[in-house]
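Step one of this worksheet: look at the structure below.
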Amino acid sequence: MKNGVVVVGSLHLDIVVTAPRLPAPDETLMGEAVALVCGGKGGNQAVAASRHGAPTAMLGRVGGDVFAASLVDNLREAGVDTSLIQRDAAAMSGLSVAVVGEDGEYGAVVVSSANRELSADGFAMPEGARVLVLQNEVPEAVNRAVAAEARRAGATVVLNAAPMRPMASEMLELVDLLVVNRIEAEALFARPIRSVDDAFRVAEGPGAGLADEAIVTLGSDGLVHRDRRGRVRHHRVRPAPVVSAHGAGDVFVGVLVARLAAEAAMEDAIACAQVAAAHFVSTPLEERGLSFAARGTPADSPHSRLRRI
């Protein structure tokens, strides 16, 4: 697995509904279309990394329901090594429900199910793997165990701390690169981030030392990167029409780690990941080939296309 990536994380079936806008509390809206797609932050990032050239393996867990095969097949189709996937016949596979507005904004609810029972027992970094990627949709104890193993193997540990949750200092001490969006950064650093200047102040502040290196993504405002020497830089992004931002962060992380595993410089890896994410948000849902991936499935597969309702 030369220059490989290992992703440890969640696998969910995503139910994605498009609507004129996100509903307000207690409001019922009439939707426009629905798609059943293979997702989970871990699964999305593994697919993105593999499709951007990195030999990729995934440690995840699925249930004993009808969706499990689709989730695993989706990874295989993207070239991801699924030999580490665990199966739990007594549980349901993870599920999420997302609403996407006409402006591309979205909201989602995740039910972790089998992902909560993911185990790190017997895990070892494959020979040649250079990067381990983690998120917060699986138990922290699993993240901590696999991160410690990756450190012993000399691999870089990347934590996309999403969704945000309290994390033990022992976990953060194992992280080489922390990737968060502005909402997650606000929760982590307990400071509001309303602008690029706010992100700079957070990245330069004392709390930014939670990891050797940090990236705060800011959507259309680009991102702020603090390198290992404490230098902070704003990376702008080329404007792109937004169909949906759902999954864009996972594409960014997957492409970023694929480039890092290939020994690209961080600045080059960030630029490549930004381009990929910008392209992704402007791509119609039914044409997406990364997190909205079920290409090659039968025409009558529930994961094969966007359906009008």
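Name the residues in segment 241-280 that are open to solvent by 40 Å² or more (accessible area, probe 1.4 Å), in contact with a strand residue (DSSP E or B) (Cβ under 9 Å, 6 or more places away or on another chain) and among the hydrophobic types (A, V, I, L, M, F, W, C), would you?
Scanning segment 241-280 gives Val243, Ala262, Ala271.
Every residue, every condition in (1) hydroxyl-bearing (Ser, Thr, Tyr); (2) surrounded by fewer than 24 Cβ atoms within 10 Å (Cβ to Cβ); (3) modelled with pLDDT of 95 or more; (4) on the phi > 0 side of the Ramachandran plot, yes or no:
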| residue | (1), (2), (3), (4) |
| --- | --- |
| Asn3 | no, yes, no, yes |
| Val7 | no, no, yes, no |
| Thr18 | yes, yes, no, no |
| Asp26 | no, yes, yes, yes |
| Gly43 | no, no, yes, no |
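If you go through segment 56-70, how many residues are touching a Ser or Thr at 6+ places or on another chain (Cβ under 6 Å) and not polar (S, T, N, Q)?
5
Got at least one residue in segment 87-104 being over 30 Å from Leu36 (Cα atoms), surrounded by 15 or more Cβ atoms within 10 Å (Cβ to Cβ) and among the acidic types (Asp, Glu)?
Checked segment 87-104: no residue is over 30 Å from Leu36 (Cα atoms), surrounded by 15 or more Cβ atoms within 10 Å (Cβ to Cβ) and among the acidic types (Asp, Glu).
Could you please give the count of residues in segment 150-166 that are over 18 Å from the mean Cα position of the chain (by Cα) and surrounded by fewer than 18 Cβ atoms within 10 Å (Cβ to Cβ)?
5
Taking the stated definitions as given, is Arg228 more than 20 Å from the chain's Cα centre (by Cα), assigned to a loop (DSSP other than H, G, I, E, B) and free of Cβ contacts under 8 Å to residues at least 40 places away in the same chain?
yes
May I ask you to say which residue of Asp65, Asp26, Asp88 is without any contact (Cβ under 8 Å) to a residue 40 or more places away in the chain, within 30 Å of Glu102 (Cα to Cα) and of a type in the set (Asp, Glu)?
After ruling out the rest, the residue left standing is Asp26.
Looking for something among the acidic types (Asp, Glu), open to solvent by 30 Å² or more (accessible area, probe 1.4 Å) and under 20 Å from Val251 (Cβ atoms) - is there at least one such residue anywhere in segment 125-141?
So far as segment 125-141 goes, no, none of its residues is among the acidic types (Asp, Glu), open to solvent by 30 Å² or more (accessible area, probe 1.4 Å) and under 20 Å from Val251 (Cβ atoms).
Tally time: how many residues in segment 70-116 are within 30 Å of Leu29 (Cα to Cα), out of contact with any helix residue (DSSP H, G or I) (no Cβ under 8 Å at 6 or more places or on another chain) and not β-branched (Val, Ile, Thr)?
So the count comes out to 12.
Regarding Arg238, is this residue under 20 Å from Leu132 (Cβ atoms), basic (Lys, Arg), open to solvent by 20 Å² or more (accessible area, probe 1.4 Å) and in contact (Cβ under 8 Å) with a residue 24 or more places away in the chain?
Taking the combined requirement at face value, the residue does not satisfy it.
Scan segment 205-219 residue by residue and report those that are within 18 Å of Glu267 (Cα to Cα) and free of Cβ contacts under 8 Å to residues at least 40 places away in the same chain.
Asp212, Ala214, Val216, Thr217, Leu218, Gly219 - these are the residues of segment 205-219 that are within 18 Å of Glu267 (Cα to Cα) and free of Cβ contacts under 8 Å to residues at least 40 places away in the same chain.
What number of residues in segment 253-278 are under 15 Å from the mean Cα position of the chain (by Cα) and in contact (Cβ under 8 Å) with a residue 60 or more places away in the chain?
Number satisfying all stated conditions: 7.
So, Ala120, is that one closer than 18 Å to Arg165 by Cα and either open to solvent by 10 Å² or more (accessible area, probe 1.4 Å) or part of a loop (DSSP other than H, G, I, E, B) (or both) or not?
no
Mind counting the residues in segment 73-92 that are closer than 21 Å to Val47 by Cα and in contact with a Ser or Thr (Cβ under 6 Å, 6 or more places away or on another chain)?
Counting residues in segment 73-92 that are closer than 21 Å to Val47 by Cα and in contact with a Ser or Thr (Cβ under 6 Å, 6 or more places away or on another chain) gives 5.
Filter segment 177-194 down to the residues that are farther than 21 Å from Val275 by Cα and not in a helix (DSSP H, G or I), then identify the one that is least open to solvent (accessible area, probe 1.4 Å).
Ile193
The values are calculated or read from the model by the stated rules, or taken from the named source; none is laboratory data. Because the structure is predicted, anything quoted here is derived from the model rather than measured. As a convention, Cβ positions derive from the backbone with ideal geometry for all residues, glycine included, and neighbour counts pool all protein chains shown. These accessible areas exclude ligands, DNA and RNA; they are computed on the full protein's heavy atoms, side chains included. Shrake-Rupley method; radii C 1.70, N 1.55, O 1.52, S 1.80 Å.
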